[in-house]
1. Short version: ³J(HN,Hα) in whole Hz for each residue of the stretch A:105-118, in order, from phi by Karplus 6.51 cos²θ - 1.76 cosθ + 1.60 (θ = phi - 60°), x for Gly and Pro, what are they?
2. When ranked by the protection proxy of mean other Cβ atoms within 10 Å per residue, highest first, what sequence do the peptides B:258-270, B:117-129 form?
3. Based only on Cα atoms, what Rg/Rh ratio does the stretch B:376-474 have, Rh being taken as Kirkwood's radius?
4. Average partner chain C-beta neighbours within 10 Å, per residue of A:40-53?
5. How large is the translational diffusion coefficient of chain A in µm² per second when you combine the Kirkwood radius over alpha carbon pairs with Stokes-Einstein at 25 °C and 0.890 mPa s?
6. Using a 10 Å cut-off around each Cβ of peptide B:289-297, what is the average number of partner chain Cβ atoms that fall inside?
7. Give the average over all directions of the projected area of the C-alpha convex hull of the stretch A:85-241, one decimal, in nm².
8. Suppose every Lys and Arg Cβ carries +1 and every Asp and Glu Cβ carries -1, with no other charges. What dipole size does the stretch B:345-407 come out with about its Cα centre, to the nearest 20 debye?
Amino acid sequence: MRLSVRHNTRYTFETPVRQLIQVQRLWPSETASQQIVSWTVSTTDSVYGAGHRDGAGDWFETVSVRGPVSQVDVLVEGIVSTTDTSGVLRNHREKIRPSSYLRSSHRTDPDASLKVLAADAAKAAGEGTLSLAHALCEAVADAISYVPGETLAHTTAAEALAGGAGVCQDHAHALIAVAIASDLPARYVSGYLMATEEDAVAMSEAGHAWAEIFVEGLGWVGFDPANGCCPDDRYVRLGSGFDSVDAAPIRGLVLGNNTDEEMTVEVVVQETEQSQQ
Amino acid sequence: MSQTGQSFFNEMLNGSDVRAAYRSLERWHRDMPDELRSLKQHEAEQLFRRVGITFAVYGEGGDPERLIPFDMFPRVFTHEEWRKLDRGIRQRAAALNAFLADVYDRGEIIRAGRIPEHLVTNNEAYEKAAVGFRPPKGVYSHIVGVDLVRTGPDQFYVLEDNCRTPSGVSYMLQNREIMMRMFPQLFLENRIAPVDGYPRLLRKTLASVAPQKCDGEPTVVILTPGQFNSAYYEHSFLADLMGVELVEGKDLFVEGDFCYMRTTEGPRKVDVIYRRVDDAFIDPLCFRPDSMLGVPGLMSVYRSGGVSICSAPGAGVADDKAIYVYVPEMIRFYLGEAPILENVPTWQCANPDDCKYVLENLHELVVKEVHGSGGYGMLVGPKADKSSIEAFAAKIRAKPQNYIAQPTLALSATPTFVDEGIAPRHVDLRPYCLVGDSIELVPGGLTRVALNEGSLVVNSSQGGGVKDTWVLAE
């Protein structure tokens, strides 16, 4: 499938800010299931630099905008060719040992309820790590219903489970928590999804997020509890980390007495014509 | 000789004879009238106060800023004693750096089954953001503080390694400075190896790890968390002596490929940052987002070869107390050598058999928190009463993996001034080994002394003091 992505983030500051700095991770991973056809990332009136690939294989660039500035746009546009590999991350170059992802963060700490959820899923699961991973994904999907507006950016996995509702970020955190509780390395993945009518659950979200669980013999496998499936050719993977902050496509700060930032995000992911082939 | 009911090595004595290295000092102290002594002690305090050497003690209420007690009686090593320590410390610093370069790359020592993987990758100090980037010259820990204790004439043990930003070197320099000022005659009578080359060597070491993209003379800065940090005095002292800028996070910013310092003449590119800020706080866009002490975007500039960070982010995994046990193995694995300095035998409570032994023998062990430092969260079994032993046992049972235990070593003692004259007090030693394009070690270090009679805890936060440390020239 060919997916075109247009992702615009607009920051508006009522009082102009002195400087804006961001570390952007907005370039799709190169894997067996996705190749970049064309891709550009631009930020208004900015200086780009310090491009590098980290140990997890993600490409980063640093952007700074010198103020005073009251509006900044970050525009991502491109086309990615995708293939369905049933969620399995193949031919992805990375150097971090999977066992590094057995550590939980504040957001993915398994509390007693998450541990119970993990143990119950393990009882229901069939033989093997892959079945366990599927069972954990289903358990999270069942325990946390998709309801936008119930949780906040800093909601933890434990809080989302207690509330029984959340968005894709909460599902991903909860899946990581139960995987770690089951001694399976797990991580947060941020990216895009071309949502269809059936999984309209995710259509209202700006970006998308899911989790990857390390399955011995297969490698990293994606699981999307928000949609109850493994990522297929409608997904575009950007990067990974311990949690939503660590894997955020954009991490930024503004300098200069700013208290009134407004951010609007628009993401459009569509299937495009297989042109010139 | 012993006042603690336990026998220990007195570094001044050989049986009842005064050892050659201490003879001149023994005369010096014997000939010193009491009035002169109290006058000098007072003078020393004035000097420390004037330069502003204080340290912070937390958790006891009152003014946390205190003057570190200085004992005027120097500690002496012979040339031969130092030669062995020198070789052993350099060996250890080389092995620790080889370990760091390995675990952030292919992890051969893990693949070879010589160290358990989870101890490394599941360690809080192991930074995945450091994986796959080789810092300049492959060096991660540029200043290695190796804490040593002595139990006999030829018996030294490494208590722990400090690979992040070991503090205290300013005391090594100041103790010498003050002794030379107060007792110049001593330095004419004895041939004492100088330590004042340290700041120059530190600067040379830092400049030698300038990043790939630096052409010309590198600009070095010291990054401090600020004046409320307990070691702020040391940060400004070292910056002065090296002739480099002392900066806080807000003085630096990232733009494009580089990191810059704000100056009155406009931005100036910074090439090497000797940071005294912990990993978690150096870059809010990579680590803790709430950090106000760091520089946003710094890790990206670091990983793309625009700036060097000393110590390298992630260096702390090598000095973790659970990893410590494996340092002799690192020396054999990376250097193919036999360890020159021994580790203290250590029980790891993560291991059920060890844990059982530890819980049964708490009254004679020293128990430490794996991630603790500064002598906090530690139990000295022989000095603890029954209720504190029981309380500590409960903590170990709750989280055994957080604790290690070691035998209570009979730390050596050196003569120390007390009200009645001099008396033996227990000491340790922290030398500062510099690692850049070469390994440098000034002859000496910081001797910490447990000033309370019989005490084995030398930390300044727990009643410890400092003294000048001499290495006699050949």
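1. 9, 3, 6, 10, 4, x, 8, 4, 5, 5, 5, 5, 4, 5
2. B:117-129, B:258-270
3. My calculation of the ratio gives 1.07.
4. 4
5. Answer, rounded: 128 µm²/s.
6. 3
7. Values: hull surface 33.8 nm².
That works out to 8.4 nm².
8. Dipole of the stretch B:345-407, to the nearest 20 debye: 160 debye.
Just so you know, all these numbers are worked out from the coordinates, no wet-lab data involved. Everything numeric in this text was worked out from a predicted model, so none of it was measured. Note that we place each Cβ from the backbone using ideal geometry, even for glycine, and neighbour counts take in every protein chain shown.
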